[in-house]
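Input: a single structure, listed below in structure tokens.
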Amino acid sequence: MNLNQKRILITGGSRGIGKAIVERFAEEGAHVLFTYKSNMASALDIVDVLSAKGYHVHTVKADVSVEEDCKALLKHVQDTLGGLDVLVNNAGITRDTLMLRMTINQYDDVMNTNLRGVWMLTQVMLKPLLKSEKGKIINISSVSGILGNAGQTNYSAAKAGVIGFTKALARELGGRDINVNAIAPGFIKTEMTDQLPEEILNQAIQQIPLKRIGDVKDIANAALFLASNQSDYITGQTLVVDGGMVMPS
Ligand code: NAP
């Protein structure tokens, strides 16, 4: 098993990509604590299903945009995992609309969860991560943060910020043997992309060399690689998982 007894915190594990990462990591022997914001029923169901298979999975409610929640998570991490080896900053939201119509609230909501929340929780979790034998931080960005996307000025800015944050922190923590990397998913089938009109999705598929929208498992597999010791010499990178849509030079 690739993650045997590794202690892992994953934000936003109640649905979509985060749920797939929780499942994949649990199968690989990790001890997982994941957060949800409002979807308690789904979170508890995931814990029940995975615990019945003998996996070590716990959940707790936490809003990553709230400082007190981030600080409270530290105690949950210590109580349930006894330390931390891997942090996956996955929780994210969209509030899409064209720039002229976008409100400050739509901007703030996205920045507070997708960028400020990542920064804030990572700062809190550095304490236990620094005590780990081999720490890993994985930030879920987006191809929107690389290419930009019309209707997503808030989201693209936040996700580009996550990539900059990843690079800066990788330089700070390299000497402490902590790897910091990002994943930039393309179009992945989740509730987030279910909000998009079919026409937009079909247009997007035409731009994807592999001619399909991604599955949450595609991202979970990339996260598994970055969480495992198979990626020990990789840091400060953004792994694009998008069927070939973006090919950085
Ligand atoms: P999703 O299906 O909408 O799920 C979002 C998850 O984040 C849920 O578990 C939700 O909890 C949690 N969450 C939302 N706001 C939160 C907050 N303030 N504090 C804590 N948890 C919060 O999203 P997804 O498609 O799986 O996306 C996961 C990540 O991948 C996001 O960062 C997203 O930006 C990124 N991404 C997704 C795609 C895509 O095509 N789907 C593409 C590129 C990047 P509740 O269930 O309790 O609400």
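For the chain, a crude dipole built from +1 on the beta carbon of Lys and Arg and -1 on the beta carbon of Asp and Glu, taken about the Cα centre, is about 440 debye to the nearest 20. If R0 is taken as 41 Å, the Cβ-Cβ distance between GLN206 and ALA168 corresponds to a FRET efficiency of 0.70. Would you work out what percent of the accessible area of the stretch 1-140, with all protein chains in place, is carbon or sulfur (probe 1.4 Å)? About 50 percent, which is the carbon plus sulfur part of the accessible surface. One Cα centroid belongs to the stretch 220-239, the other to the stretch 73-99; the line between them spans 17 Å.
Residues whose amide H falls under 5 Å from that of HIS58, counting only those 5 or more places apart or on a different chain, are VAL32, LEU33, PHE34, with hydrogens built in the peptide plane. Note on LYS127 and ASP177: the extension gain reaches 16.6 nm, defined as 0.36 nm multiplied by sequence separation minus the Cα-Cα distance. Taking amide H as placed 1.01 Å from N in the peptide plane, THR238 has its amide H under 5 Å from the amide H of ALA182, each at least 5 places away in sequence or on another chain. Between amide H atoms placed 1.01 Å from N, distances below 5 Å from VAL66 occur with no residue 5 or more places distant or on a separate chain.
Accessible surface area normalised per residue over the chain is 49 Å², counting heavy atoms of protein chains with a 1.4 Å rolling probe.
Two-decimal Rg/Rh of the stretch 1-73 from alpha-carbon positions, Kirkwood Rh?
Details: Rg = 11.7 Å, Rh = 12.1 Å.
Dividing the radius of gyration by the Kirkwood radius yields 0.97.
Computing FRET efficiency as 1/(1 + (r/R0)^6) for ALA150 and ASP109, where r is the C-beta to C-beta distance and R0 is 22 Å, gives about 0.70.
Among the listed pairs LYS6/LYS37; LYS19/LYS53; LYS19/LYS189; LYS134/LYS159; LYS61/LYS159; LYS71/LYS167, which have their C-alpha atoms separated by more than 21 angstrom in this model?
Working: LYS6/LYS37 24 Å; LYS19/LYS53 16 Å; LYS19/LYS189 13 Å; LYS134/LYS159 26 Å; LYS61/LYS159 23 Å; LYS71/LYS167 24 Å.
Pairs exceeding the cut-off: LYS6/LYS37; LYS134/LYS159; LYS61/LYS159; LYS71/LYS167.
For the chain, the longest principal axis of the Cα atoms and the long axis of helix 67-80 meet at an angle of about 40 degrees.
Counting Lys +1, Arg +1, Asp -1, Glu -1, what net charge surrounds HIS56 among other residues with beta carbon under 12 Å of its beta carbon?
Neighbourhood net charge equals +1.
Computed on protein heavy atoms with a 1.4 Å probe, the accessible areas place LEU9, LEU126 in the order LEU126, LEU9, largest first. Once the Cβ-Cβ distance of ASP194 and LYS134 is raised to the sixth power relative to R0 = 25 Å, the FRET efficiency obtained is 0.10. Peptides 30-38, 228-236 ranked from most to least packed by the mean count of surrounding Cβ atoms within 10 Å: 30-38, 228-236.
In sequence order, the stretch 155-161 has phi-based couplings of 5, 5, 5, 5, 6, 5, x Hz under the Karplus curve 6.51 cos²θ - 1.76 cosθ + 1.60, θ = phi - 60°, and Gly or Pro positions carry x.
Applying the Karplus relation 6.51 cos²θ - 1.76 cosθ + 1.60 with θ = phi - 60° to the stretch 23-33 yields 3J(HN,Hα) values of 5, 5, 5, 4, 4, 8, x, 6, 9, 10, 10 Hz, where x marks Gly and Pro. As a fraction of the 1.4 Å probe accessible area of the stretch 203-243, surface on carbon and sulfur atoms comes out at 53 percent. Convex hull volume of the C-alpha atoms in the stretch 80-180, normalised per residue: 89 Å³. Label positions at ASP48 and MET99, each projected 7 Å from the Cα along the C-beta direction, are separated by 4.8 nm.
The values are calculated or read from the model by the stated rules, or taken from the named source; none is laboratory data. This one's a predicted model, so the numbers in the text were calculated from it and none came from an experiment. Ideal geometry is used to build each Cβ from the backbone, glycine not excepted, and the neighbour counts take in all protein chains shown. For the accessible areas, the whole protein counts, side chains as well, though only heavy atoms, and no ligand, DNA or RNA atoms are used. Shrake-Rupley method; radii C 1.70, N 1.55, O 1.52, S 1.80 Å.
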